[in-house]
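This is the structure I want to talk about, given as structure tokens.
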Ligand SMILES: CCCCCCCCCCCCC/C=C/[C@@H](O)[C@H](COP(=O)(O)O)NC(=O)CCCCC
Ligand SMILES: Nc1ncnc2c1ncn2[C@@H]1O[C@H](COP(=O)(O)OP(=O)(O)O)[C@@H](O)[C@H]1O
Ligand SMILES: [Ca+2]
């Protein structure tokens with residue numbers, strides 16, 4: 001048996017998408033010496049071809065043989081090999097947000113993703129959402145055990161909706177009260193696949209390394225699994241939201257609030273509102289208290305990033321599990337110290353992952369880990385517009401964005417924030433005049449200090465409360481992804497040669 005290009009062909013079985021008997025008419029131009037045969041037999045192997053910059057493509061190779069029986073034996077054996085790969089999904093529930101990003105979700109799914117799922121013999125139930133929260137509400141009703149995974153076609157906001165549906169459903173089914181900030185949440189074992197069709201798509205970029213629907217579809221087909229930390233956000237013992245990417249107050253909260261009015265602009269709304277918010281240069285006073293993450297080996301200033309099969313994530317998870325076994329969640333948390341920082345901040349960002357995206361390929365915290373049970377808390381204190389611009393620009397180049405006197409970064413497992421305004425309100429020293437006469441400081445109109453609160457941006461959704469309590473839950477959920485693969489020497493060679501490993 002041999003392929004049309006060379007006498008020996010190699011493909012890792014884990015990279016095979018499908019095996020099919022070859023129809024002759026399709027490939028006749030390619031069959032070379034087999035053309036002379038009276039009745040040639042052939043099968044085609046579709047497989048993942050790794051190209052540059054983490055991009056995956058579906059490639060194929062056709063094997064020819066004179067003996068029909070031998071050909072069928074090969075097809076059968078390969079199909080059995082695929083069948084043995086239990087991590088591969090067979091039945092998926094797909095939610096498409098037709099209004100996300102450039103409103104291309106439906107087209108992207110139908111043209112680029114559905115044909116691949118069908119090739120890989122994956123059955124799908126597809127729901128095109130009709131309103132916000134459609135997917136989330138639906139996830140509380142469906143027979144979830146029927147599915148091997150849920151796919152969302154959209155941006156970070158759409159992912160967040162699906163995640164809330166799945167985590168919420170899981171807690172409801174297990175009798176866990178989400179309003180209790182200290183409740184040990186039940187892990188969600190149904191994986192989520194993201195087909196990027198949104199505006200920022202940071203969760204896809206930070207877990208796959210590229211915004212590309214075909215690459216993401218192939219990660220789903222081969223059954224990848226990447227655990228993900230999730231932060232729960234509460235206010236006064238009331239559950240507000242979960243977050244996996246950015247929880248941002250000040251700069252990113254103000255951008256989001258302004259940009260929601262400009263949805264018609266598509267992804268450009270963030271550039272417009274970003275520029276406007278940068279010029280407004282508002283800062284906010286408040287108090288941050290946090291518990292440092294002592295269980296993890298890493299630090300936000302590390303030079304190495306979280307990559308496929310990350311050692312730091314594995315070790316941190318083990319360490320946390322041991323701590324919980326030894327002393328129980330409650331005692332361990334009560335015993336650990338809280339650090340308190342009061343100040344005037346342009347931005348407070350808590351990130352569970354690097355938050356890399358096309359606007360910032362290294363992200364808000366380049367060394368943050370996907371699954372280490374911690375978040376990086378970045379505090380950007382009041383500084384000049386010029387310094388803040390220098391800080392922002394460093395998100396786009398190789399310079400260290402934490403190397404500024406006005407920027408602090410901590411790896412934390414929980415934190416709390418209260419704005420000065422709500423502290424003042426609580427202690428009944430509210431200045432009625434401040435409230436009545438608009439948002440900005442009346443004493444110093446040019447100073448940019450803000451007597452109104454900012455808004456929390458939680459994975460692209462606004463929160464109603466400024467005072468929040470946040471806790472990181474290690475590996476609460478899983479994605480159809482494998483983290484960003486190391487750019488090793490072999491990768492280029494592997495991507496150039498189409499078939500490498502023995503069948
Ligand atoms: C002088 C140029 C400086 C440019 C600096 C840019 C730094 C950008 C960092 C962006 C981090 C994004 C974190 C992810 C947030 C998303 O969850 C959220 C919702 O995404 P989606 O649902 O797909 O729209 N996106 C945002 O909040 C937009 C952030 C605005 C970035 C300018
Ligand atoms: N059919 C719909 N109509 C309006 N909003 C929707 C619909 N489906 C989902 N949404 C909401 O749209 C928001 C943004 O979606 P997303 O896909 O993240 O796009 P973008 O990245 O452009 O913000 C999400 O919060 C989601 O709840
Ligand atoms: Ca993390």
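May I ask you to list the residues in the range 148-169 that are away from ligand 1 (no atom under 14 Å from the Cβ) and part of a strand (DSSP E or B)?
149, 150, 151
Okay, moving on. Here are some conditions: (1) over 16 Å from residue 150 (Cα atoms); (2) in the same structural domain as residue 155 (by TED's automatic domain parsing). Residue 105 meets all but one. Which one does it not meet?
Checking residue 105 against (1) over 16 Å from residue 150 (Cα atoms); (2) in the same structural domain as residue 155 (by TED's automatic domain parsing), the one that fails is (1).
Assess whether residue 261 counts as being closer than 27 Å to residue 419 by Cα, within 16 Å of ligand 1 (Cβ to nearest atom) and surrounded by fewer than 18 Cβ atoms within 10 Å (Cβ to Cβ).
yes
Something else about it: Just checking, how many residues over the range 405-424 are farther than 20 Å from residue 339 by Cβ and in contact with a helix residue (DSSP H, G or I) (Cβ under 8 Å, 6 or more places away or on another chain)?
Residues meeting the conditions: 0.
For (1) within 16 Å of ligand 3 (Cβ to nearest atom); (2) in contact (Cβ under 8 Å) with a residue 40 or more places away in the chain; (3) within 30 Å of residue 59 (Cβ to Cβ), each residue gets a yes or a no:
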{"residue": "144", "(1), (2), (3)": "no, yes, no"}
{"residue": "148", "(1), (2), (3)": "no, yes, yes"}
{"residue": "160", "(1), (2), (3)": "no, yes, no"}
{"residue": "172", "(1), (2), (3)": "no, no, no"}
{"residue": "177", "(1), (2), (3)": "no, no, no"}
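Using beta carbons and a limit of 6 Å, which pairs, at least six apart or on different chains, have the first residue in the range 93-115 and modelled with pLDDT under 95 and the second one within 14 Å of ligand 1 (Cβ to nearest atom) and part of a helix (DSSP H, G or I)?
100/158
For the range 311-322, does any single residue satisfy the condition of being surrounded by fewer than 19 Cβ atoms within 10 Å (Cβ to Cβ), touching a residue at least 60 places away in the same chain (Cβ under 8 Å) and over 26 Å from residue 156 (Cβ atoms)?
Checking the range 311-322: not a single residue is surrounded by fewer than 19 Cβ atoms within 10 Å (Cβ to Cβ), touching a residue at least 60 places away in the same chain (Cβ under 8 Å) and over 26 Å from residue 156 (Cβ atoms).
What number of residues within the range 136-166 are within 12 Å of ligand 2 (Cβ to nearest atom) and either over 19 Å from the mean Cα position of the chain (by Cα) or under 17 Å from residue 101 (Cα atoms) (or both)?
Within the range 136-166, residues that are within 12 Å of ligand 2 (Cβ to nearest atom) and either over 19 Å from the mean Cα position of the chain (by Cα) or under 17 Å from residue 101 (Cα atoms) (or both) number 13.
Report those helices (runs of 4 or more DSSP H) wholly inside the range 402-503 carrying at least 1 residues which are under 18 Å from residue 283 (Cα atoms), at pLDDT below 80 and not assigned by TED's automatic domain parsing to the domain that holds residue 47.
420-426, 432-436
Go through the range 83-104 and report how many residues are in contact with a strand residue (DSSP E or B) (Cβ under 6 Å, 6 or more places away or on another chain) and under 14 Å from residue 221 (Cα atoms).
Qualifying residue count for the region: 5.
Residues in the range 90-121 that are out of contact with any helix residue (DSSP H, G or I) (no Cβ under 7 Å at 6 or more places or on another chain), away from ligand 1 (no atom under 15 Å from the Cβ) and part of a loop (DSSP other than H, G, I, E, B): how many?
2
Considering each of 125, 137 in turn, give the residue that is farther than 17 Å from residue 219 by Cβ, in contact with a helix residue (DSSP H, G or I) (Cβ under 8 Å, 6 or more places away or on another chain) and at pLDDT 95 or above.
None of the others qualify; the one that does is 137.
Right, something else. Output the residues belonging to the range 359-382 that are in contact with a strand residue (DSSP E or B) (Cβ under 7 Å, 6 or more places away or on another chain) and more than 16 Å from ligand 3 (Cβ to nearest atom).
379, 380, 381, 382
Kindly check whether there is at least one residue in the range 333-350 that is modelled with pLDDT of 95 or more, on the phi > 0 side of the Ramachandran plot and either surrounded by 22 or more Cβ atoms within 10 Å (Cβ to Cβ) or not in a strand (DSSP E or B) (or both).
There is no residue in the range 333-350 that is modelled with pLDDT of 95 or more, on the phi > 0 side of the Ramachandran plot and either surrounded by 22 or more Cβ atoms within 10 Å (Cβ to Cβ) or not in a strand (DSSP E or B) (or both).
Given the criteria within 16 Å of ligand 2 (Cβ to nearest atom) and either closer than 28 Å to residue 13 by Cβ or assigned by TED's automatic domain parsing to the domain that holds residue 154 (or both), does residue 88 qualify?
Against the criterion (within 16 Å of ligand 2 (Cβ to nearest atom) and either closer than 28 Å to residue 13 by Cβ or assigned by TED's automatic domain parsing to the domain that holds residue 154 (or both)), residue 88 does not qualify.
Let me ask something additional. What are the pairs with Cβ atoms under 7 angstrom where one residue, in the range 346-363, is without any contact (Cβ under 8 Å) to a residue 40 or more places away in the chain and the other, located anywhere, is more than 10 Å from ligand 1 (Cβ to nearest atom)? Sequence gap at least six, or different chains.
Between residues of the range 346-363 that are without any contact (Cβ under 8 Å) to a residue 40 or more places away in the chain and residues that are more than 10 Å from ligand 1 (Cβ to nearest atom), there is no close pair.
The values are calculated or read from the model by the stated rules, or taken from the named source; none is laboratory data. What you see is a predicted model, and the numbers here were worked out from it, not measured in a lab. We place every Cβ from the backbone using ideal geometry, glycine too, and count neighbours over all the protein chains shown.
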